[in-house]
Amino acid sequence: MGDGNGPSGYLRNNFRGVGFWNPTHILPHERGKRISRMDLNECPYPPSPKVLDAIQEAATGLNLYPDGTCPQLSEIITERTGVPGSNICYGGGSTQLLTAIAEISVGPGENLIAPDIVWRRFQGVFQVVDAEVTRVPNHDDASIDAAGMVSGIGNNTRLSIVLTPNNPTGLMLTEQELRHICEGTPENVLLFIDEAYHEFAIHAGGPDAIEIVKDRKGPWVVTRTFSKAYALAGLRLGYALCSSEEITNALRLATSTFNLSGVAEAAALAALADTDYTQFILDENTREMNRIKEGCWEMGLTYMNSVTNFISIDVGVENGPVVRAMRDRGVRVSTPGYDATGTYIRASTGLPEDTDAFLSALKEVLAEQSG
Ligand SMILES: Cc1ncc(COP(=O)(O)O)c(C=O)c1O
């Protein structure tokens with residue numbers, strides 16, 4: 001029996017002694033100061049004023065439980081994707097759905113397959129389901145190996161996970177690569193595509209995963225979010241587009257009937273309607289991303305050619321001390337969260353002044369660390 005401090009017999013093995021890392025934690029020296037938050041791939045702009053009005057109006061109904069099926073929002077999403085409302089499950093951010101997707105498809109001892117380099121949260125997902133994980137090495141440029149994602153599937157594989165664009169690389173799959181994965185993944189394997197950065201990929205001229213995965217014969221789920229291009233990370237609203245009602249209902253069971261806040265649907269509807277504001281966010285993002293890339297190029301640094309709102313940069317020295325020294329200067333960036341690239345840092349785009357702060361802090365820190 002555990003004593004509350006150490007590993008405890010009453011928890012399942014995979015939940016014993018786990019740590020907790022709070023990514024939004026503010027350090028004492030950061031309190032009350034303007035910090036460049038470039039570590040969490042957030043949108044640096046506030047939500048559209050129309051969204052704020054919609055939230056205020058909807059807030060008067062917060063005494064009631066929300067309709068977790070979001071009928072009005074589903075109508076718009078159906079119009080844009082062709083996926084019927086019965087096949088859309090909403091979640092408290094798409095993060096909540098990632099775990100649920102793994103839980104409904106793969107049990108302890110069964111196999112799931114995923115690229116080796118993925119968003120660090122997936123480590124937690126793997127741990128929750130306690131599955132055997134096949135990690136498919138990424139190509140040398142860190143892009144996902146589409147052929148490897150198909151050939152690595154075994155008899156025991158229940159779930160295949162791909163991310164496009166991927167985090168922390170910011171790289172997306174081509175239409176051809178996506179087609180290869182959709183067609184090559186067997187019909188008894190659930191194909192899960194994380195498309196949290198969908199709007200950025202489309203803005204960059206990339207493929208729309210839904211248009212491709214719809215032709216697949218086997219089961220699939222695509223997740224998207226309002227956290228990034230719609231500036232609503234604090235609202236916690238993501239959704240899963242599913243190939244069947246059965247998968248959707250399984251996700252609803254694995255999450256909760258009242259999964260969303262009561263203002264989420266109204267906010268999302270207003271955000272989708274304000275296309276000018278989304279375009280503004282995407283255009284600003286591209287401009288600041290280009291400024292970061294140019295600044296890095298001038299410093300002689302190489303980087304992954306991200307299409308998203310974050311970028312992984314090779315700083316040429318150990319990344320941990322660089323991240324800490326940047327933070328001491330009021331610029332929060334992160335390590336990419338996987339072992340193989342100990343000299344990469346990941347930075348999100350910010351406001352123009354954040355780009356200025358980032359580039360000047362990085363120049364100073366690298367001069368210091370390599371000197
Ligand atoms: C690849 C990827 N998927 C999903 C998410 C989750 O976003 P949210 O839970 O805010 O919808 C993130 C957030 O950074 C991400 O990078």
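The values are calculated or read from the model by the stated rules, or taken from the named source; none is laboratory data. Nothing here was measured: the structure is a model prediction, and the numbers come from that model. Here the Cβ is made from the backbone with ideal geometry for all residues, glycine too, and neighbour counts use every protein chain on show. These accessible areas exclude ligands, DNA and RNA; they are computed on the full protein's heavy atoms, side chains included. Shrake-Rupley method; radii C 1.70, N 1.55, O 1.52, S 1.80 Å.
Note: relative contact order over segment 49-273, using C-alpha pairs below 8 Å and six or more positions apart, is 30 percent.
Report the longest stretch of the chain that contains none of the trypsin sites (Lys or Arg not before Pro) sitting in a DSSP loop with at most 10 other Cβ atoms within 10 Å. Longest gap between qualifying sites, sites excluded: 35-371.
With both bridge residues required to lie in the chain, what share of the DSSP beta bridges run antiparallel, to the nearest 5%?
The answer is about 45 percent antiparallel.
Each residue of segment 58-75 is assigned a 3J(HN,Hα), and the resulting list reads 6, 4, 5, x, 5, 6, 9, 5, x, 7, x, 8, 6, x, 5, 5, 4, 4 Hz, derived from the Karplus form 6.51 cos²θ - 1.76 cosθ + 1.60 (θ = phi - 60°), x at Gly and Pro. Remark: spin-label model distance Glu294-His139 equals 2.8 nm, labels positioned 7 Å along the Cα→Cβ axis. Taking the alpha-carbon distance from Lys214 and a cut-off under 17 Å, which aspartates and glutamates remain once sequence neighbours fewer than 8 residues away in the same chain are dropped? Lys214 reaches Glu79, Glu175, Glu177, Glu183, Glu187, Asp194, Glu195, Glu245, Glu246.
For segment 49-273, the C-alpha radius of gyration divided by 2.2 N^0.38 Å, with N the number of residues, is 0.99.
Solvent-accessible surface of segment 49-273, taken per residue with a 1.4 Å probe and all protein chains present: 40 Å².
Quickly estimate the mean residue ellipticity at 222 nm for the chain, helices only: each DSSP H run with n ≥ 4 gives -39500 (n - 2.57), and the total goes over all residues, rounded to 500. It would help to have the intermediate numbers written out before the result.
Details: 13 runs with 143 residues, N = 371.
It lands at -11500 deg cm²/dmol.
Loop-resident GluC sites (Glu not before Pro) (DSSP state other than H, G, I, E or B) in segment 98-184 with no more than 16 further Cβ atoms inside 10 Å of their Cβ: Glu110.
When Rg and the Kirkwood radius Rh are both evaluated on Cα atoms of segment 206-281, their ratio Rg/Rh stands at 1.01.
Loop-located chymotrypsin sites (Phe, Trp or Tyr not before Pro) in segment 1-108 (DSSP state other than H, G, I, E, B) with a sparse environment of at most 13 neighbouring Cβ atoms within 10 Å: Tyr10, Phe20, Trp21. Here the label points at Gln127 and Ser360, each 7 Å from Cα along the C-beta direction, are separated by 3.9 nm in the simple model.
Spin-label pair Asn13-Val317: with each label point 7 Å from Cα along the Cα-Cβ axis, the two points sit 4.3 nm from one another.
Measuring how big segment 264-368 is from its alpha-carbon positions, Rg and Dmax come out at 15.5, 49 Å. Measure off, as a whole percent, the carbon and sulfur share of the 1.4 Å-probe accessible area of segment 49-273, all protein chains present. Whole-percent figure for carbon plus sulfur exposure: 50. Computed 3J(HN,Hα) for segment 195-210, one whole-Hz value per residue from the Karplus formula 6.51 cos²θ - 1.76 cosθ + 1.60 where θ = phi - 60°, is 10, 4, 10, 3, 4, 5, 5, 5, 4, 8, x, x, x, 9, 4, 4, glycine and proline marked x. Placing a label point 7 Å from the Cα of Ser86 along the Cα-to-Cβ line, the residues of segment 186-222 whose backbone N sits under 18 Å from it are 219-221.
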